[in-house]
Each structure stands twice: as structure tokens, then as C-alpha cells.
Amino acid sequence: MTTEAPHALVVLAHPRADSLTARVAARARARLLADGHTVDVLDLHADGFDPRMTVEDEPDWADRDKVYSAEVRAHMARIEAADTIVVVFPVWWFGLPALLQGWIDRVWNYGFAYGRSRPRLAGKRMLWLGLAGYSHEHFTKGGWDDLLDRRLRIGISNFVGIEDAHVHLFHDTVATGAHDTELLTSAEKVITTYTHTPPTP
Ligand SMILES: Cc1cc2nc3c(=O)[nH]c(=O)nc-3n(C[C@H](O)[C@H](O)[C@H](O)COP(=O)(O)O)c2cc1C
């Protein structure tokens with residue numbers, strides 16, 4: 001008997017192909033493959049994803065069965081196919097880059113991710129990997145770790161029925177150089193630990 005390999009979607013939101021964020025996403029992909037997943041990489045910038053909400057993709061509360069654009073439905077299919085979703089992004093203004101925020105706004109839409117029917121995304125796992133310029137100390141003092149955890153894990157993942165969600169932030173990402181190798185190794189560890197931890201019920 002063959003069992004299907006778990007499938008992961010790695011979402012990258014960064015304009016620069018050689019950014020530390022892109023390199024973390026590449027490590028995430030490699031690690032997931034090594035751990036037996038099949039992997040779909042969604043590079044929002046390279047794909048030219050338009051984060052601006054459109055009339056076609058705005059939920060219509062008077063037409064709850066509204067069919068969204070073909071582009072958004074294709075993105076929904078990629079999310080639906082994944083057992084694990086890994087989102088890799090730089091922390092900008094203590095939040096998500098507009099590109100990624102727009103992807104959530106347009107794609108994680110009414111009737112798909114929330115509302116209307118059964119929670120279609122329940123049972124999936126989600127890992128948010130954020131790269132932040134400031135130090136861990138600065139984040140803790142300012143309550144930014146908490147803020148991002150609440151917003152991403154509770155406000156998005158849990159809201160759409162994904163209970164098994166984690167937010168991991170990498171700090172001091174502006175002072176690049178020797179520190180990069182350390183950060184990339186620690187990113188691999190985070191992913192391995194996550195994929196080797198049994199899903200939370
Ligand atoms: C527009 C912008 C906003 C930023 N806002 C924050 C922030 O709010 N907090 C923080 O710690 N770092 C912030 N940074 C620093 C980035 O998080 C950092 O440059 C990035 O993680 C480095 O990784 P990269 O090489 O992949 O861009 C910001 C950077 C930019 C360009």
C-alpha cells in the first residue's frame with residue numbers, strides 16, 4: 001500500500017531574489033523535500049501577484065455564493081491542496097508586506113477561508129516565518145512578538161480553522177553577513193522541528 005506524501009505550500013513575499021527572506025524560503029523548501037513532502041513554491045513577487053483588492057474578488061454580502069476571479073480560484077486550489085502552509089516574509093512596519101497582506105485579503109476570502117460553509121482549511125498546519133530587523137530584546141520590550149503572534153496565529157490561522165499554527169520570528173536580520181549562515185541553519189531547525197512534531201489535534 002502506498003501512502004501519499006504530505007504536500008506543502010511555501011509562500012514567499014519579497015521583491016529581491018537574493019534576499020535573506022528568499023534564502024530562508026529556499027531552505028524551507030529543501031528541508032520539507034528532505035522530510036518527505038512534495039512542495040509547491042508560490043513566489044508572489046516573481047509571479048506578479050497583484051495585491052490590490054478588485055471588485056471581482058471583494059466579498060458580496062448580498063451574494064454569498066459569489067464566484068471569484070479565475071486567478072484567485074487558482075490560488076485557492078493551491079492552498080486547498082496543501083497539508084502544510086509555510087509563509088516566509090520580512091516584517092515590515094511590524095506587520096506583513098502589502099504584497100502578502102493583499103494575497104490574504106484577496107485569496108483567503110469569504111466562502112473559502114471563512115464564512116458560508118464548513119471550514120475548508122481546518123486540519124491544515126501553518127507556519128509563519130518572519131524576518132525582523134530589530135533584536136529579540138527590542139521585540140519583547142515593545143510587545144511586537146505578541147502582537148504578530150496574535151495577529152497571524154489567532155487573527156488569521158485560527159480564524160480560518162487552522163488550529164495547528166505557529167509564528168516564528170528571526171531577529172537582527174539587517175546586520176547580514178556571517179550571521180546569515182547561523183540564521184539559515186536555525187530556520188532549517190525550526191522547520192524540521194515543526195514537521196517532526198505530531199500535529200496538534
Ligand atoms: C519597508 C520596511 C519596513 C520595515 N519594518 C520593520 C519593522 O517594523 N520591524 C523590524 O524589525 N524590521 C523592519 N524592517 C527591516 C526588515 O525586516 C529587514 O530588512 C528584513 O527582514 C531583512 O531581510 P531581507 O534581506 O530578506 O529583506 C523593515 C524594512 C523595510 C524595507
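Please specify each residue of the stretch 86-107 satisfying the condition of being hydrophobic (A, V, I, L, M, F, W, C) and closer than 12 Å to MET53 by Cβ. Let's see the steps before the verdict.
Restricting attention to the stretch 86-107, the residues satisfying the condition of being hydrophobic (A, V, I, L, M, F, W, C) are 86-89, 91-94, 96, 98-100, 103-104, 107.
Residues satisfying the conditions are ALA98, TRP103, ILE104, VAL107.
Checked against (1) at pLDDT 95 or above; (2) out of contact with any Ser or Thr (no Cβ under 8 Å at 6 or more places or on another chain); (3) within 12 Å of the ligand (Cβ to nearest atom); (4) farther than 30 Å from TYR110 by Cα, GLY143 passes all but a single condition, namely (3).
From the list LEU184, LEU152, the lone residue that is touching a helix residue (DSSP H, G or I) at 6+ places or on another chain (Cβ under 9 Å) and within 20 Å of VAL10 (Cβ to Cβ) is LEU184. Among the residues of the stretch 28-74, those identified as surrounded by 13 or more Cβ atoms within 10 Å (Cβ to Cβ) and assigned to a helix (DSSP H, G or I) are ALA28, ARG29, ALA30, ARG31, LEU32, LEU33, GLU71, VAL72, ARG73. Consider the stretch 192-201 and keep the residues that are of a type outside the set (Val, Ile, Thr) and not in a helix (DSSP H, G or I). The one that is modelled with the lowest pLDDT is PRO201.
Select the helices (runs of 4 or more DSSP H) contained entirely in the stretch 80-191, then report the ones holding at least 1 residues which are surrounded by fewer than 16 Cβ atoms within 10 Å (Cβ to Cβ) and within 15 Å of the chain's Cα centre (by Cα). Spell out the reasoning first.
Details: elements: 98-107, 136-142, 144-149.
It comes to 98-107.
The values are calculated or read from the model by the stated rules, or taken from the named source; none is laboratory data. For clarity, every value in this text was computed on a predicted model and none was experimentally measured. Note that each Cβ is placed from the backbone with ideal geometry, even for glycine, and that neighbours are counted across all protein chains shown.
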